[in-house]
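Quick one: the structure is below, questions incoming.
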Number of protein chains: 2
Amino acid sequence: MKRLATGIDIGGTNTVIGLIDETGTIAGQRSFKTRDYPVFEEYAQRLVGEIETLRSLAPDAEIAGIGIGAPNSNPFTGFIEDPVNIRWYERNADGSQRAPLRHIPIVSHLKQYYPTLPVVIDNDANAAAVGEMIYGGARGMQDFIEITLGTGLGAGVVVNGQLVRGHGGMAGELGHVLLRPGGRVCGCGRRGCLETYVSATGIVRTLLEVMAEDLRPTPLRSTPADRIDSRMIAEAARAGDPLAQETFERTGNLLGEALANFVAFTQPEAIFLFGGLTAAGHLLWAPVQRSMESHMMRNYQGQVKLLPSGLPQSEAAILGASALVWQELHHPTPQR
Amino acid sequence: MKRLATGIDIGGTNTVIGLIDETGTIAGQRSFKTRDYPVFEEYAQRLVGEIETLRSLAPDAEIAGIGIGAPNSNPFTGFIEDPVNIRWYERNADGSQRAPLRHIPIVSHLKQYYPTLPVVIDNDANAAAVGEMIYGGARGMQDFIEITLGTGLGAGVVVNGQLVRGHGGMAGELGHVLLRPGGRVCGCGRRGCLETYVSATGIVRTLLEVMAEDLRPTPLRSTPADRIDSRMIAEAARAGDPLAQETFERTGNLLGEALANFVAFTQPEAIFLFGGLTAAGHLLWAPVQRSMESHMMRNYQGQVKLLPSGLPQSEAAILGASALVWQELHHPTPQR
């Protein structure tokens, strides 16, 4: 009998659910607006409804489990903790909404509907890493790092074929490695975190820095800072704008420096880059590769592959979430 | 039948061999001068002789395997690679010594004598980490980091109960994380490595920096720089010397900053500090702890234990080497 995993990607805007087989082929996919269901219980009901709809499309298949990728989720507790971009409420007995839920018991809630299935959750960057390992470019690798470049910088670290989850389920926060202590203010409350330099938002800050230092004209000076995004900087750089090019140069240098330190930690076979910023292609890749090599110890030089993710950008999230199920069957999450 | 592991610590000066049971009790111990045997084959013969002597002291015990801790060793190849402090030669047919051996096949050589026993090797910092896990303060822990503060800074990282060895057996080189890129020259050829600041030699360099900045008198100004060691700085600090105190303060701050980044990587349950510099006690501990907490993300604060190693300093090396045997029985080193 064919086995399928349910992958759920919970984002601030959309919730996407997919049924995926062991090779990464998507048998079916559904989605709805997360914010249409501000009451958590109603959200969960809609979620279960979609899972059942998908399941009815593949009546002959066996469902191996449910995997969830969500920001701020904890694989050990099964909770989404204090999410920043998602707000759910409890409903009072009289039907009115109560205070926002800070700890969202998503796994235990789904377990009520599916008591015999493995239900697992992890943050989106860890899910992406497991997706890379099961369906993507990291198949057969025991040691690699997946870096996701979005609004922030996320990471999933795999060692000895297993995800590094840490003592409390919060390992791999490489966006919050202090690259320049005392440097740029970060959303986490500290200064100098890697993601304040290297991310879709970090690169815009770097452009502002370059524009402040340099007097040369650039069309980017005519756009308000809060309208500039990494794609516009990439376009300007491709059109020959030296300031935009310098911005990518600095971003790549800093990421390469950080990656060199990551290599000293786990000596991965490969580092995969994933996410919107990687669309800049050579503009980003060239300085990252050069900087990583020049910052590494001699023993590591020329030995760590820097690769684009092998997952399709648009479906990576549900693929990653579903991959958590196959990983769980091999290496059950310890009860801590 | 009692089971014992043979632990061998190969250092530039001494080679120490011990027979150790599963609780860390040393049943017997021998040593000789490494440099008395510049021809590798003769060194190996003496080593085997000592192993046999020890074995004859415990005729009723079963030997579970041989574990070796040695600098620059590779667990996957079984070689000691380009050692800096040890020089062995091959002998020509006419008895004259040939060029120094760059790749020393220590494991395969011992395997000729002990074909049925597991023979495993790893660098001394990894061996210390495994020793901590099997006999010391990390018993029962799945995720921790062992930092050894000697001439340099070594580290062993344990994740999911297994040593992080990396794709090529060279993971955990945390002494060569770039803490201050462009900073102090390191023996590895780069600038700004953690161990140029935090180690027995790094702290002396920091003292020189403090003496350069500060005009106040200190008895340490009357000692030539190449005679100053970390113990003298600790003594001066305890006697109230503000420059020596400032030196420990800076050293601890930098180590704490580095540890905070390590926590973002693997979120260990504990970080163990081991080695000569830890004898400074509170002088080092207080600033490390303070700096680590203040540099960590809020989610990690107050959750990572900073602990002294639970291994006795003088026997840690053979304990760690022997522990590699017990670890190997649980998690065999993959053939890569």
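Pop a pseudo-label 7 angstrom from the Cα along the beta-carbon direction at both A:ALA279 and A:ARG216 and give the gap in nm to one decimal.
Label-label distance for A:ALA279 and A:ARG216, simple model: 2.5 nm.
How big is the charge dipole of the protein assembly as shown about its Cα centre, in debye rounded to the nearest 20, if each Lys and Arg gets +1 on its Cβ and each Asp and Glu gets -1 on its Cβ?
Working: 58 positive and 70 negative charges, 145 e Å.
Computed charge dipole of the protein assembly as shown: roughly 700 debye.
Could I ask something else about it? Which GluC sites (Glu not before Pro) from region B:133-236 combine a DSSP loop assignment with at most 14 other Cβ atoms within 10 Å? Present the calculation step by step, with values, prior to reporting the outcome.
On the way: sites: B:GLU146, B:GLU173, B:GLU195, B:GLU209, B:GLU213, B:GLU235; in loops: B:GLU173.
Listed in order of number, the matching sites amount to none.
Shortest first and in nm to one decimal, what separations exist between A:GLY310 and its copies in the other chains, measuring from label points 7 Å along the Cα-to-beta-carbon line?
4.1
Next question. Using only protein heavy atoms and a 1.4 Å probe, how much accessible area in total is buried between B and A, to the nearest 100 Å²?
3600 Å²
When Lys and Arg each count +1 and Asp and Glu each count -1, what net charge do the other residues less than 12 Å away from A:GLY67, Cβ to Cβ, add up to?
-4
Just the number, please: percent antiparallel of the DSSP beta bridges in region B:2-146, rounded to the nearest 5.
Among the beta bridges of region B:2-146, antiparallel pairing accounts for roughly 60 percent.
Right, next: List the aspartates and glutamates whose Cα lies under 16 Å from the Cα of B:LYS2, skipping any in the same chain that are fewer than 8 positions away.
B:ASP21, B:GLU22, B:ASP60, B:GLU62
What whole number of Å gives the distance from the Cα centroid of region A:26-79 to the Cα centroid of region B:1-33?
56 Å
Report the FRET efficiency, 1/(1 + (r/R0)^6), for B:VAL84 and A:SER314, where r is their Cβ-Cβ distance and R0 is 56 Å, rounded to 0.05. The partial results should precede the final answer.
On the way: r = 51 Å, r/R0 = 0.91.
Working from the Cβ atoms, E equals 0.65.
Would you tell me the accessible area of B:SER222, worked out with a 1.4 angstrom probe on the heavy atoms of the protein chains, in Å² to the nearest 10?
100 Å²
Gaussian network model of chain B, Cα springs within a sub-10 Å range: biggest mean-square fluctuation belongs to which of B:ASP124, B:ASP94, B:ASP241?
Of B:ASP124, B:ASP94, B:ASP241, the most mobile in the Gaussian network model is B:ASP94.
Looking at chain A only, what percent of DSSP beta bridges run antiparallel? Nearest 5 please.
60 percent
Under 11 Å from the Cβ of A:PRO242, count the other residues' Cβ atoms, weight Lys and Arg +1, Asp and Glu -1, and hand me the total. Before the final figure, lay out each step's value.
On the way: positive: A:ARG216; negative: A:ASP214, A:ASP241, A:GLU246, A:GLU249.
Net charge around A:PRO242: -3.
For the pair A:VAL185 and A:ARG98, what calculated FRET efficiency results from E = 1/(1 + (r/R0)^6), where r is the Cβ-Cβ distance and R0 = 41 Å, to the nearest 0.05?
The formula returns an efficiency of 0.80 here.
Using alpha carbons only, how many degrees (0 to 90, rounded to 10) separate the axis of helix A:40-57 from the longest principal axis of chain A?
Tilt of helix A:40-57: around 80 degrees.
Further question: Find how much the distance from B:HIS330 to B:ASN14 grows on full extension, using 0.36 nm per residue of separation minus their present alpha carbon separation; answer in nm with one decimal.
Going from the current span to full extension adds 110.8 nm.
Among B:GLY183, B:GLN142, B:ASN126, which residue has its Cα positioned farthest towards the positive end of the charge dipole of chain B, with +1 placed on the Cβ of Lys and Arg, -1 on the Cβ of Asp and Glu, and the dipole taken about the Cα centre?
The residue sitting farthest along the positive end of the dipole is B:GLY183.
What is the dipole size for region B:191-276, taken about its Cα centre, with +1 at each Lys and Arg Cβ and -1 at each Asp and Glu Cβ, in debye to the nearest 20?
180 debye
May I pose another question? If I fit a long axis through the Cα atoms of helix A:200-213 and take the longest principal axis of the Cα atoms of chain A, what angle between them do I get, 0 to 90°, rounded to 10?
20 degrees
Among B:GLY252, B:GLY276, B:GLY156, determine the one that fluctuates most according to a GNM of chain B built with springs between C-alpha atoms less than 10 Å apart.
Judging by the Gaussian network model, the answer is B:GLY276.
Quick one: dipole size for chain B, taken about the Cα centre, charges +1 on Lys/Arg Cβ and -1 on Asp/Glu Cβ, in debye to the nearest 20.
The calculated dipole for chain B is roughly 420 debye.
Right, here's the next one. If you plug each phi of region B:239-250 into the Karplus form 6.51 cos²θ - 1.76 cosθ + 1.60 with θ = phi - 60°, what whole-Hz ³J(HN,Hα) values come out, in order, with x for Gly and Pro?
My calculation for region B:239-250 gives 7, x, 5, x, 6, 5, 5, 4, 4, 5, 4, 5 Hz in order.
Determine which residues of region A:247-269 fall in the zone a paramagnetic label at A:ARG290 would reach in this model, i.e. backbone nitrogen under 11 Å from the point 7 Å along Cα→Cβ.
Residues A:249-250, A:252-253 fall inside that zone.
In the protein assembly as shown, if the dipole is taken from +1 on Lys/Arg beta carbons and -1 on Asp/Glu beta carbons about the Cα centre, which of A:ALA171, B:THR218, B:ILE318 is farthest to the positive end?
Toward the positive end, the furthest listed residue is B:THR218.
If you don't mind, another one. May I ask for the angle, rounded to the nearest 10°, between helix B:124-134 and the longest principal axis of chain B, with both axes built from Cα atoms and the value confined to 0 to 90°?
Its long axis makes an angle of about 80 degrees.
OK, next. Please give the Cα centre distance for region A:283-299 versus region A:216-260, rounded to the nearest Å.
Computed from Cα coordinates, the inter-centre distance equals 19 Å.
Next up: For every other residue with a beta carbon closer than 12 angstrom to the beta carbon of A:GLN97, add +1 if it is Lys or Arg and -1 if Asp or Glu, then tell me the sum. Could you put the intermediate results ahead of the total?
On the way: positive: A:ARG87, A:ARG91, A:ARG98; negative: A:GLU41, A:GLU42, A:GLU90, A:ASP94.
Local charge sum for A:GLN97: -1.
Can you pull out the trypsin sites (Lys or Arg not before Pro) in region B:34-113 that DSSP calls coil and that have at most 16 other Cβ atoms within 10 Å?
B:ARG87, B:ARG102
The values are calculated or read from the model by the stated rules, or taken from the named source; none is laboratory data. What you see is a predicted model; the values in this text were computed from it and never measured. FYI the Cβ positions are ideal-geometry reconstructions off the backbone, even for glycines, and counts take in every protein chain you see. Ligands, DNA and RNA are excluded from the accessible area calculation, which covers all protein heavy atoms including side chains. Shrake-Rupley method; radii C 1.70, N 1.55, O 1.52, S 1.80 Å.
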